[in-house]
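> Below you'll find the structure I mean.
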Amino acid sequence: MTLGLVLTSITAWITVASPAMIRFFYGSRAPLIIAAIAELGLVFYLSATIAKHDASTSLLLFGLYSVLNGITISCVLLVYTQESVYTAFLSTAGMFGAMSVYAMYTKRDITTRGSFLLMGLCGLIIAMVINMLVGSSATVTVISVIGIIIFTVLTAYDTAKIKSLAEDSDMNNSRT
């Protein structure tokens, strides 16, 4: 995951450091929309098929996702100050690390919360779309808080799921 974040950061920096890349992705909406749809499609594909791929294929697909993510979020570097981007990045990385450590060492089975988290994420997306039409600043705050909670728990869930897949793979390999 750390390498994925680094790849995303480098891709975002390269995208905004190159006038040709800025013109390509931000001169017309189509390339950025295609990249965002490809990124979202890859997320759904990986979520549905992750257990079917070997480690090298999963790593390659995650690398592709990281590059697409770097392209789609590069606009943040054009809009906000470096200090605010670094602060957000470091606090997110800290939260990710803390929740991953929690998921690795907790005795609780977090992997059973997937359907609840998916429903929460769908509800969050629906609320965001509705708020785009309504434009309530109070709703933006509520959505932000709920989003932080959902993604914090999702981080622990994903780490626990990866740990479970790795343990299952180790057990299967030791039987052969």
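The values are calculated or read from the model by the stated rules, or taken from the named source; none is laboratory data. As the structure is a prediction and not an experimental result, all values here were calculated from the model. Quick reminder, even Gly has a Cβ in these numbers, built from the backbone with ideal geometry, and neighbours come from all protein chains shown.
> Looking at region 97-116, can you tell me whether even one residue there is part of a helix (DSSP H, G or I), within 30 Å of residue 14 (Cβ to Cβ) and free of Cβ contacts under 8 Å to residues at least 40 places away in the same chain?
Taking every residue of region 97-116 in turn, at least one turns out to be part of a helix (DSSP H, G or I), within 30 Å of residue 14 (Cβ to Cβ) and free of Cβ contacts under 8 Å to residues at least 40 places away in the same chain.
> Now a separate question. How many residues, within region 36-87, are touching a residue at least 24 places away in the same chain (Cβ under 8 Å) and β-branched (Val, Ile, Thr)?
Here the count works out to 6.
> Could you please give the count of residues in region 150-176 that are modelled with pLDDT of 75 or more and surrounded by 12 or more Cβ atoms within 10 Å (Cβ to Cβ)?
Summing the residues that are modelled with pLDDT of 75 or more and surrounded by 12 or more Cβ atoms within 10 Å (Cβ to Cβ) in region 150-176 gives 16.
> Quick test for you: out of 28, 74, pick the one residue that is loosely packed, with under 12 Cβ neighbours inside 10 Å, of a type in the set (Ser, Thr, Tyr), over 16 Å from residue 159 (Cβ atoms) and modelled with pLDDT of 85 or more.
28
> Could I ask something else about it? Any chance region 86-96 includes a residue that's out of contact with any Lys or Arg (no Cβ under 6 Å at 6 or more places or on another chain), within 28 Å of residue 38 (Cβ to Cβ), part of a helix (DSSP H, G or I) and modelled with pLDDT of 85 or more?
Yes, some residue in region 86-96 is out of contact with any Lys or Arg (no Cβ under 6 Å at 6 or more places or on another chain), within 28 Å of residue 38 (Cβ to Cβ), part of a helix (DSSP H, G or I) and modelled with pLDDT of 85 or more.
> Scanning for something surrounded by 14 or more Cβ atoms within 10 Å (Cβ to Cβ) and under 15 Å from the mean Cα position of the chain (by Cα), does region 12-22 turn up at least one residue?
Yes, region 12-22 has at least one match.
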